[in-house]
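The values are calculated or read from the model by the stated rules, or taken from the named source; none is laboratory data. Note that the structure is a prediction, hence the values are computed from the model and not measured. Counting neighbours? That spans all protein chains shown, and the Cβs are built from the backbone with ideal geometry, glycine included.
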Amino acid sequence: MPRLEGKVAIITGGAGGIGRAAGKLFVEEGAHVILVDLDESALQDVVQAIGDENATYVVADTSHPDQVQGFVNEAVERYGGVDIFLANAGIEGELNSIVDTPVEMFDQVMSVNVKGVWLGLKYVMPVMRERGGGSIVITSSTAGVRGSPGMAPYSTSKHAVIGLMRSAAMEGASMGIRVNTVNPAPIQTRMMRSIEEQRVSGGREGFLTVEEAQESYASTMPLGRYGEPEEVSRLMLFLASDESSYCNGGVYMVDGGATAGRAG
């Protein structure tokens, strides 16, 4: 039997690499999936690529309370509730030193990456409680357990969602709601292309091309490569499913060993 048979899942950041992979896998495993993102054209492409009537989408900004409430209501009206919430939407922001980072950029990253997750928890948890519980998976990062030079707002935001997860895991336990984070290392996605391009254009690390930057970063991974979105989505599937019924409040690395030799 499919691992998510009859479950209702909301996936934010559904038009991105990881969200797209998770949406496809969750539908294959029997879930009704609502993909949420700002880019309607990209969402349409994802739904078309999945090619299943159980994949639908809602255009929404996850940092706006009314829009978050809107896509949660859509899940309730269309499918009767929410069993799985994948809080995956996030932005990298501009790479810069702390001193040179504009205040507006810091606020934008925190609004999407932290406030957006908090709003998702705020509006999803009561609906899950009515269903008798569920699973919430938050996308953090290896940057959530260590510093990341030039990416202070992003790293701060990814540390923050681990704190949110831990509080939500404790509050949600009595409701039958489990909450965990998945922490990827560099994955072959648009976000990593943006980071590589910014590293190259900034010139501070001596990279001449995006390919050179990628090769350099990949060489620091014990497995010697970036991960693929599908490799992250498979861990998300486990945490979303009943197979992870005793997993709550955990920080799950999917990083090719990148953080194995580091404290924290």
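Key figures for this structure:
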| item | result |
| --- | --- |
| Among residues of the range 61-92, those that are in contact with a strand residue (DSSP E or B) (Cβ under 8 Å, 6 or more places away or on another chain) and either touching a residue at least 40 places away in the same chain (Cβ under 8 Å) or within 18 Å of S135 (Cα to Cα) (or both), counted | 19 |
| Residue under evaluation L223, criteria (1) of a type in the set (A, V, I, L, M, F, W, C); (2) free of Cβ contacts under 8 Å to residues at least 40 places away in the same chain; (3) touching a helix residue (DSSP H, G or I) at 6+ places or on another chain (Cβ under 6 Å), criterion not met | (3) |
| Matching entry among E215, E171 (being acidic (D, E), surrounded by fewer than 19 Cβ atoms within 10 Å (Cβ to Cβ) and modelled with pLDDT under 95) | E215 |
| Any hit, the range 176-190, residues being touching a helix residue (DSSP H, G or I) at 6+ places or on another chain (Cβ under 9 Å), without any contact (Cβ under 8 Å) to a residue 40 or more places away in the chain and either surrounded by fewer than 19 Cβ atoms within 10 Å (Cβ to Cβ) or farther than 20 Å from W118 by Cα (or both) | no |
| Residue among D255, D242 that is under 24 Å from G13 (Cα atoms) and more than 18 Å from the chain's Cα centre (by Cα) | D242 |
| Complete set of residues in the range 124-144 that are in contact (Cβ under 8 Å) with a residue 24 or more places away in the chain, crowded, with 19+ Cβ neighbours inside 10 Å and in contact with a Lys or Arg (Cβ under 8 Å, 6 or more places away or on another chain) | G134, S135, I136, S140, S141, G144 |
| Number of the exception - Q67 against (1) in a loop (DSSP other than H, G, I, E, B); (2) under 20 Å from the mean Cα position of the chain (by Cα) | (1) |
| Test set (1) within 21 Å of the chain's Cα centre (by Cα); (2) crowded, with 21+ Cβ neighbours inside 10 Å; (3) of a type outside the set (G, A, S) - R199 fails condition number | (1) |
| Every residue from the range 70-84 that is under 27 Å from S245 (Cβ atoms) and assigned to a helix (DSSP H, G or I) | F71, V72, A75, V76, R78, Y79 |
